[in-house]
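Heads up, the thing below is written out as structure tokens.
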Amino acid sequence: MSTEELQAWLRRFAELVHEHKDELTALDSAIGDADHGANLDRGMTAVLAALEEAPPADAAALLKKTGATLVSKVGGASGPLYGTLFLRMAGADTFPAALRAGYEGVLARGKAEPGDKTMVDALGPACDALDAGRSVAEAAQAAAEGRDATVPLVARKGRASYLGERSAGHADPGATSTALLLQAAAETLS
Amino acid sequence: MSTEELQAWLRRFAELVHEHKDELTALDSAIGDADHGANLDRGMTAVLAALEEAPPADAAALLKKTGATLVSKVGGASGPLYGTLFLRMAGADTFPAALRAGYEGVLARGKAEPGDKTMVDALGPACDALDAGRSVAEAAQAAAEGRDATVPLVARKGRASYLGERSAGHADPGATSTALLLQAAAETLS
Amino acid sequence: MTVGIVVVSHSRALADAAVELARQMLPGRELVVEVAAGTEDGGLGTDAMAVSAAIEAADGGEGTVVLMDLGSAVLSAETALEFLPDDVRERTTLSAAPLVEGLVGAVVVAAGGATREQVAAEAGRGLAPKEAQLR
Amino acid sequence: MTVGIVVVSHSRALADAAVELARQMLPGRELVVEVAAGTEDGGLGTDAMAVSAAIEAADGGEGTVVLMDLGSAVLSAETALEFLPDDVRERTTLSAAPLVEGLVGAVVVAAGGATREQVAAEAGRGLAPKEAQLR
Ligand SMILES: Nc1ncnc2c1ncn2[C@@H]1O[C@H](COP(=O)(O)OP(=O)(O)O)[C@@H](O)[C@H]1O
Ligand SMILES: Nc1ncnc2c1ncn2[C@@H]1O[C@H](COP(=O)(O)OP(=O)(O)O)[C@@H](O)[C@H]1O
Ligand SMILES: [Mg+2]
Ligand SMILES: [Mg+2]
Ligand SMILES: [Mg+2]
Ligand SMILES: [Mg+2]
């Protein structure tokens with residue numbers, strides 16, 4: 001993972017989040033508080049600004065800066081969760097190892113399990129694909145399938161869990177943005 | 001209990017509350033939120049204004065108007081408690097019977113027991129004195145003694161109960177204002 | 001018709017902010033949430049008559065769940081019940097649930113058409129998400 | 001030195017109003033109560049870095065008790081712990097207590113010189129007065 005590759009990944013993720021901002025917010029409007037698109041867009045805008053302002057020395061510094069910015073600027077639950085993902089990635093050498101470490105950070109932070117209808121349901125399958133030696137594009141495909149698989153689920157974590165059974169029938173906003181994170185990776189990382 | 005006597009009682013109580021406003025607030029400052037004097041003064045001012053505006057037809061109407069005004073205007077716990085006292089007094093024919101009914105209303109509303117360091121500790125002894133056939137002046141004396149007896153007590157009801165053991169060593173504000181209520185009665189009721 | 005919610009607080013600012021926070025969970029959905037908070041002159045306190053009026057305003061026939069901040073707010077709410085018509089009083093539930101945490105859950109299930117018992121039960125579970133997260 | 005209190009909320013208005021309500025119980029007494037609430041642009045949200053700064057500001061050596069409004073505020077507070085010096089983190093207690101009800105009890109006992117454990121326990125009993133009144 002070169003600093004340049006990671007920068008490109010983050011820039012593309014910010015772009016995708018911005019493009020899908022209203023869609024993410026609409027999903028969060030159905031089963032939450034209608035802010036996930038705005039939250040992540042604000043967060044990633046702040047990340048790009050922070051990286052611009054003080055270009056990080058290496059990949060680890062870049063990932064830490066990204067994580068620290070997200071935990072501060074996103075505002076919603078996805079802030080500490082995506083923030084922790086990037087903070088934990090900072091220790092690893094390869095993208096699969098980094099994403100796995102990040103995923104474990106998300107699990108520890110949010111205490112969600114697979115099937116709880118959260119970003120975990122997109123991130124887990126992506127990590128599994130990478131660990132099985134598949135390509136980043138295949139991991140992105142796995143994340144998208146994980147996102148789709150959240151539709152029938154009843155939420156057990158986060159704001160959507162207040163809705164109980166009524167949360168079924170909608171894709172999880174965080175799983176949807178995580179699919180974008182992996183799509184951005186497929187487009188920018190080798 | 002004539003309407004005139006009761007009016008005189010309420011006017012004298014309002015006067016005494018106004019005179020002792022800072023003292024009541026200082027007591028509440030030691031073991032509460034420093035508003036009991038201001039609360040009761042606001043409440044009794046509103047009562048006098050309401051009685052002035054629409055002079056009640058009889059004693060029952062007067063007591064009900066007084067109670068309804070206090071539950072609205074006092075702001076603190078003493079509002080529903082003094083308010084309920086006057087509302088319940090409305091049914092009775094004699095002052096001892098009325099005060100006993102009011103006392104029972106206070107007990108039911110606040111769920112305090114004697115010894116919990118509340119207005120109950122001044123009101124109960126006053127009722128007991130009246131029921132034993134003693135004079136209103138003797139009932140006022142009993143209320144004052146009840147007030148003094150709250151000093152060493154540890155509060156178990158109301159805001160003072162947050163202080164635990166630290167609430168000992170101060171007279172209860174509500175018991176102090178109740179002693180004024182009985183003093184006013186001694187000065188105005190036969 | 002949905003169950004109405006009433007917020008009783010010593011502080012108008014607190015009640016309004018809690019309602020704003022809870023209403024976030026109702027994007028595009030309707031729900032009657034009434035506030036009875038503060039003294040007439042803008043100070044800290046509760047007013048049983050205001051609580052009574054708020055309950056009547058929030059009750060559309062399915063009853064109300066009333067959340068209060070502190071013990072003295074409960075005294076005012078209990079007193080308010082005396083001033084309500086019998087039918088309204090009978091379908092009013094005073095809840096010991098945590099004000100802010102309970103309100104968020106209560107508005108979500110009330111807007112979803114839950115019964116008064118269900119709304120009160122959800123309010124009562126208000127601390128569960130924090131407890132689960134801190135376990 | 002007393003235990004410091006930190007209020008973490010999605011809403012600045014809610015946090016400020018809750019602190020005002022609780023401080024009523026401290027007439028003439030001193031206590032450090034720090035707020036970390038809302039997003040930078042005045043919206044609803046929490047900021048782990050702001051929580052971390054609030055904890056450091058509230059900690060005078062006896063540690064802090066942190067009260068939060070909703071589950072996502074807990075995530076921010078837990079994240080904030082990572083950014084604290086070890087000694088400060090070790091004397092920080094995140095409490096699942098009801099925000100408003102717990103805060104009132106917490107400030108009273110903290111101002112009285114209670115330990116961090118005692119302050120957290122008192123916050124945890126925050127619903128008791130309402131429950132007793134509604135029994
Ligand atoms: N405890 C958790 N563990 C994992 N993911 C979670 C958790 N809580 C929430 N999420 C994710 O966060 C998303 C919501 O993010 P966002 O709307 O930005 O935050 P908030 O819900 O605080 O408004 C959810 O769709 C879900 O994927
Ligand atoms: N549950 C209760 N039962 C009886 N009296 C009570 C109760 N709670 C509070 N009080 C009385 O009310 C007094 C405080 O009145 P006030 O300061 O006006 O209200 P608040 O405590 O709400 O600020 C106390 O001193 C006590 O005598
Ligand atoms: Mg959201
Ligand atoms: Mg949000
Ligand atoms: Mg008081
Ligand atoms: Mg008060």
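Some points to look at:
- C:ALA97 meets each of the listed conditions (1) touching a strand residue (DSSP E or B) at 6+ places or on another chain (Cβ under 9 Å); (2) more than 9 Å from every other protein chain (Cβ to nearest Cβ) apart from (2).
- In the range D:42-76, the residues that are surrounded by fewer than 24 Cβ atoms within 10 Å (Cβ to Cβ), outside any loop (DSSP other than H, G, I, E, B) and of a type in the set (A, V, I, L, M, F, W, C): D:MET49, D:ALA50, D:ALA53, D:ALA57
- Residue list for the range C:110-131, filter: more than 7 Å from every other protein chain (Cβ to nearest Cβ) and over 18 Å from C:GLY61 (Cβ atoms): C:ALA121, C:GLU122, C:ALA123, C:GLY124, C:ARG125, C:GLY126, C:ALA128
- Residue within the range B:111-119 that is within 14 Å of chain C (Cβ to nearest Cβ), buried (at least 23 other Cβ atoms within 10 Å of the Cβ), under 24 Å from D:GLN24 (Cβ atoms) and touching a His at 6+ places or on another chain (Cβ under 6 Å) present: no
- Test set (1) touching a helix residue (DSSP H, G or I) at 6+ places or on another chain (Cβ under 9 Å); (2) within 24 Å of C:ARG135 (Cβ to Cβ) - D:THR2 fails condition number: (2)
- Boolean, B:LEU24 is closer than 20 Å to B:GLY79 by Cβ, in contact with a Gly (Cβ under 8 Å, 6 or more places away or on another chain) and among the aliphatic types (A, V, I, L, M): yes
Conditions (1) on the phi > 0 side of the Ramachandran plot; (2) among the small types (Gly, Ala, Ser), marked per residue:
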site: D:GLU56; (1), (2): no, no
site: D:GLY63; (1), (2): yes, yes
site: D:VAL74; (1), (2): no, no
site: D:THR92; (1), (2): no, no
site: D:VAL100; (1), (2): no, no
site: D:VAL108; (1), (2): no, no
site: D:GLY112; (1), (2): no, yes
site: D:ALA123; (1), (2): no, yes
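- A:ALA122 vs. criteria under 16 Å from the mean Cα position of the chain (by Cα) and crowded, with 24+ Cβ neighbours inside 10 Å: yes
- Neighbours by Cβ (under 8 Å, 6+ apart or cross-chain): first from the range D:26-40, within 13 Å of another protein chain (Cβ to nearest Cβ) and more than 18 Å from D:ASP59 (Cα to Cα); second in a strand (DSSP E or B) and of a type in the set (Ser, Thr, Tyr): D:GLY38/D:SER9
- Within the range D:3-17, the residues that satisfy the criterion of being at the interface with chain C (Cβ under 10 Å from one of its Cβ atoms), buried (at least 24 other Cβ atoms within 10 Å of the Cβ) and farther than 14 Å from C:GLY38 by Cβ are D:SER9, D:HIS10, D:SER11, D:LEU14, D:ALA15.
- Each residue in the range B:157-190 was checked for being out of contact with any Gly (no Cβ under 8 Å at 6 or more places or on another chain), within 16 Å of ligand 5 (Cβ to nearest atom) and within 14 Å of chain D (Cβ to nearest Cβ), and 3 pass.
- Test: A:THR188 is crowded, with 18+ Cβ neighbours inside 10 Å and either under 26 Å from D:LEU75 (Cα atoms) or within 12 Å of the chain's Cα centre (by Cα) (or both): no
- Residue that is farthest from ligand 4 (Cβ to nearest atom), among those in the range B:12-47 that are without any contact (Cβ under 8 Å) to a residue 40 or more places away in the chain, within 14 Å of chain D (Cβ to nearest Cβ) and surrounded by fewer than 20 Cβ atoms within 10 Å (Cβ to Cβ): B:ASP22
- Residue within the range C:79-97 that is outside any loop (DSSP other than H, G, I, E, B), more than 16 Å from ligand 5 (Cβ to nearest atom), in contact with a Leu (Cβ under 7 Å, 6 or more places away or on another chain) and under 24 Å from D:ALA97 (Cα atoms) present: yes
- Hits in the range B:1-22 - residues which are touching a helix residue (DSSP H, G or I) at 6+ places or on another chain (Cβ under 7 Å) and charged (D, E, K, R): B:GLU5, B:ARG11, B:ARG12, B:LYS21, B:ASP22
- Residue check, A:GLY75 buried (at least 24 other Cβ atoms within 10 Å of the Cβ), part of a loop (DSSP other than H, G, I, E, B) and more than 16 Å from ligand 5 (Cβ to nearest atom): yes
- Pick from the range B:48-68, criterion within 14 Å of another protein chain (Cβ to nearest Cβ) and small (Gly, Ala, Ser), ranking: surrounded by the most Cβ atoms within 10 Å (Cβ to Cβ): B:GLY67
- Every residue from the range A:96-118 that is hydroxyl-bearing (Ser, Thr, Tyr) and outside any helix (DSSP H, G or I): A:THR118
- Applying the set (1) within 16 Å of ligand 2 (Cβ to nearest atom); (2) among the hydrophobic types (A, V, I, L, M, F, W, C); (3) over 22 Å from B:THR69 (Cβ atoms) to C:MET25 leaves exactly one unmet item: (1).
- Failed item, numbered, when C:ALA80 is tested on (1) more than 10 Å from every other protein chain (Cβ to nearest Cβ); (2) farther than 30 Å from A:GLU113 by Cβ: (1)
- Filtered by the rule that a residue be within 12 Å of the chain's Cα centre (by Cα) and surrounded by fewer than 24 Cβ atoms within 10 Å (Cβ to Cβ), the range D:97-119 gives a lone residue, D:ARG116.
- Considering residues of the range B:69-94 that are more than 18 Å from B:ASP41 (Cβ to Cβ) and in contact with a helix residue (DSSP H, G or I) (Cβ under 8 Å, 6 or more places away or on another chain) only, the residue farthest from the other protein chains (Cβ to nearest Cβ): B:ALA92
- Residue match in the range B:89-109 (condition: over 14 Å from the mean Cα position of the chain (by Cα), closer than 22 Å to B:PRO173 by Cα and crowded, with 24+ Cβ neighbours inside 10 Å): no
Readers should treat all values here as calculations from the given coordinates under stated rules, not as data from a laboratory. None of these values were measured; they are calculated from a predicted model. No Cβ is skipped: glycine too gets one built from the backbone with ideal geometry, and neighbour counts run over all protein chains shown.
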